[in-house]
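Q: A single structure is presented below for examination.
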Amino acid sequence: MTAEDLGSVGNTPAGDILTSRKVYMVTMVQPSPGAPNGFEEKYNAYWQAVERHLSQLEAKAGVVVRIFAEGVIGRGDDAMLMVQQSNPGAHSLARQRISAGAVFEEFEDTDLFGQVIDWGRCLQSGLINRTVADEIQAKYTEAADKRIEHLQTRLAEGILESEAALLLSGDPNIAIPDGVEKFVVSPPELDELQRWVQEANEAIRQQMAEEQARAAAGQPPAGPQAANDQNDDGDAGSKLWTPGS
């Protein structure tokens, strides 16, 4: 939770907080099985910190009674199973609230979500015709706008008076409906994880540049591991990664 969040809770009368409609925003950091050593430790530290900070916020502003998650299809047990299979950290956070009586609500519209994914894939397919590219871009934008409108409607209609909801989102700037207070749970561990990812990728880029320079000079790779990486990965871009890739 940021300093601003703590301050806003502390400066607002307790009665106002408890009787308002609230959303606790948590960034959905994804696991990355193929990440370099060290990522899993940072990933686990982040979700543990979120649990601590969210619990503190619940004690002041109200416990979570509803859970919404971007990119998750279905509700209840189906939604929990999807999160369990894709993100252990987020699943643990949600499970604690479900055990205390919270409900995992349906958030995404299956058709709209699928349209956004598929149109996005089309845009990334290396189109060469401007007319086709513009048409696909228009379709993507239309589907994305409709999806955002749907998500806002789900929050506006799904959170009742005095209720607090947990929103797991890949975008901390997602629009929240009028009349719903927004609290961003962003512990220092999130910044630490993001810096670690940047530094890890920079180290990979530097290593690849050195290997390419050696290859251009007709020199062998710097060591056995470099040779293995070159053989296994093929091109330079395949070695870069982001959480969830």
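Any read-out appearing in this document is the output of simple, stated calculations on the displayed coordinates, not a laboratory observation. As the structure is a computational prediction, the values presented were derived from the model and not from experiment. Here Cβ is always computed from backbone atoms with ideal geometry, including for glycine, and neighbour counts include all displayed protein chains.
Q: Filter the GluC sites (Glu not before Pro) in the range 140-214 down to the DSSP loop ones having no more than 11 other Cβ atoms within 10 Å, then list what survives.
A: E161
Q: Give the value in nm², to one decimal: projected area of the alpha carbon convex hull of the range 104-143, averaged over all directions.
A: 3.0 nm²
Q: If R0 is 30 Å, what FRET efficiency do you get for L160 and L81 from their C-beta distance, rounded to 0.05?
A: Values: r = 26 Å, r/R0 = 0.86.
Calculated transfer efficiency: 0.70.
Q: Let me ask something else about it. So, in Å, what gap is there between the alpha-carbon centers of the range 74-103 and the range 115-177?
A: Taking the Cα centre of each part, the range 74-103 and the range 115-177 sit 22 Å apart.
Q: Starting from 0.36 nm per residue, how many nanometres of slack lie between A209 and E149 once their C-alpha separation is accounted for?
A: Working it through step by step, the gained length comes to 17.2 nm.
Q: For a test of the definition: using alpha carbon positions, the gyration tensor, and the 1.5 limit on a/c, classify the range 1-151 as rounded, prolate or oblate.
A: The shape class here is prolate.
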